[in-house]
1. Summing Lys, Arg as +1 and Asp, Glu as -1, what charge do residues with Cβ under 15 Å from the Cβ of Gln18 carry, Gln18 excluded?
2. Taking the Cα atoms only, what angle lies between the long axis of helix 156-167 and the longest principal axis of the chain, rounded to 10 degrees?
3. Along the principal axes of its C-alpha atoms, what lengths does the range 1-96 span, in descending order and rounded to whole Å?
4. Return the inverse of the average 1/r over all pairs of distinct C-alpha atoms in the range 21-71, which is the Kirkwood hydrodynamic radius, in Å to one decimal.
5. As a test of the definition: which semi-axes, in Å, follow for the range 1-43 when you take the square root of five times each eigenvalue of its alpha carbon gyration tensor? Largest first, please.
6. Check each of the chymotrypsin sites (Phe, Trp or Tyr not before Pro) in the range 42-111 and keep only those in coil by DSSP with at most 15 other C-beta atoms within 10 angstrom; list them in order.
7. Can you classify the range 46-174 as rounded, prolate or oblate using the Cα gyration tensor, where a ≥ b ≥ c are the square roots of its eigenvalues, rounded means a/c under 1.5, and otherwise it's prolate if a/b beats b/c and oblate if not?
8. For Glu141, what charge total do you get from the other residues with a beta carbon under 11 Å from its beta carbon, if Lys and Arg give +1 and Asp and Glu give -1?
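No lab work stands behind these numbers, since they all come straight from the coordinates. Everything numeric here is computed off the predicted structure, so don't read it as measured data. Methodologically, a virtual Cβ is constructed for each residue, glycine included, from the backbone with ideal geometry; neighbour enumeration extends over all protein chains shown.
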Amino acid sequence: MSSLAEPRFCQACGSALQWLEREEDGGPKSRLRCPACGWTLWNNPTPVLAAVVECVDRGGKVLLARNAAWTGRMFALITGFMEAGETAEQGIAREVLEETALVAEAVELIGVYDFQRMNQVIIAYHVRASGEIRLSPELVEYKLLDPPDLRCWQAGTGLALADWLRRRGIEPQFLERA
């Protein structure tokens, strides 16, 4: 049940963690716990912010970008993590600015999406933005597409993009699975 990413030792006392069952709200739950001091690794999902970036000064085209760390030619939404002391809306506006140099003019919640494969919860926004596009080193290229030309994917941010399209009266088209 454990993975390489999970800690093997207690962060409080340094003892080896074990899968131990304990009573929690709603009944018994098995988690990595310290048998010496009782510390528990909760392994809660990480919140991730995502943006459907609509470029208002480019005829409403949507910006999709390719991450420098990705091996394939997949283009996706702008994403990032919140920082301490900011709201989710402030965080996604900051991420859009940092990664694309575009300035957010309006930020509207699309929805919240479960992404269990990465143990994340995605908080997705529609960001109307403007300015000259200059990619951060995290991104290597981008595409600007008219909303009807967008193709969604069957997970995480792709589901947010599909919901955004539906709200605009556009039936989303999904990429074929490889």
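1. +3
2. 40
3. 60, 32, 26
4. 15.8
5. Each semi-axis is the square root of five times an eigenvalue, giving 17, 13, 8 Å.
6. Trp42, Trp70, Phe81
7. Rounded, since a/c falls under 1.5.
8. +3
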